[in-house]
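Single-structure report; data block below.
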Amino acid sequence: MAYSEYLTDRVRNSLKGNKIGFEEKKMFGTLSFFVDEKLCVGVSGEELLVRIPPEDQDKYLQNEDCRLLDDSGKSMKGFLLINAEAVDMDEDLDKWVKRCLEFNPKAKSSKKKRSM
């Protein structure tokens with residue numbers, strides 16, 4: 001699945017506006033933005049992928065614009081997909097990006113594979 005270039009550019013601009021260094025990686029049809037070597041936010045299809053505190057996800061899931069990221073039948077705690085209409089306005093997108101950035105220092109890094 002391709003990801004929205006338009007939404008990708010907007011996320012990129014939001015991160016730059018927050019004066020945050022980031023790295024972009026294409027993963028599983030998603031463009032992911034890594035901050036401090038941790039997945040922070042991304043774009044999957046037309047949706048925004050956000051990483052938030054797992055204990056906050058139920059609060060956001062009450063909103064019909066949010067759903068759990070479901071990786072082959074297994075939901076991933078703290079990862080939500082936000083539909084495009086919910087982040088149509090820059091201030092709404094920026095609000096989600098800021099939530100991701102606030103959580104990022106507390107987020108666990110994925111385990112690095114050791115090379116042999």
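Within the stretch 6-41, can you find the residues that are under 22 Å from Pro53 (Cα atoms) and among the polar types (S, T, N, Q)? Ser14, Asn18, Thr30, Ser32 - these are the residues of the stretch 6-41 that are under 22 Å from Pro53 (Cα atoms) and among the polar types (S, T, N, Q). Any residue at all in the stretch 25-43 that's more than 12 Å from the chain's Cα centre (by Cα) and among the hydroxyl-bearing types (Ser, Thr, Tyr)? The answer is no, given that none of the residues of the stretch 25-43 is more than 12 Å from the chain's Cα centre (by Cα) and among the hydroxyl-bearing types (Ser, Thr, Tyr). For Phe22, the requirement of being in contact with a helix residue (DSSP H, G or I) (Cβ under 6 Å, 6 or more places away or on another chain) and of a type outside the set (D, E, K, R) is met. Return yes when Ser109 is among the small types (Gly, Ala, Ser), modelled with pLDDT under 95 and exposed (fewer than 11 other Cβ atoms within 10 Å of the Cβ) and no when it is not. Yes; evaluated as a whole, the condition is true for this residue.
Note on the stretch 1-56: residues that are hydroxyl-bearing (Ser, Thr, Tyr) and within 14 Å of Asn104 (Cα to Cα) total 1. Of all the residues in the stretch 47-60, those that are in contact with a Ser or Thr (Cβ under 9 Å, 6 or more places away or on another chain) and modelled with pLDDT under 95 number 0.
The values are calculated or read from the model by the stated rules, or taken from the named source; none is laboratory data. In this text the structure is predicted, and so the values were computed from the model without any measurement. Note that each Cβ is placed from the backbone with ideal geometry, even for glycine, and that neighbours are counted across all protein chains shown.
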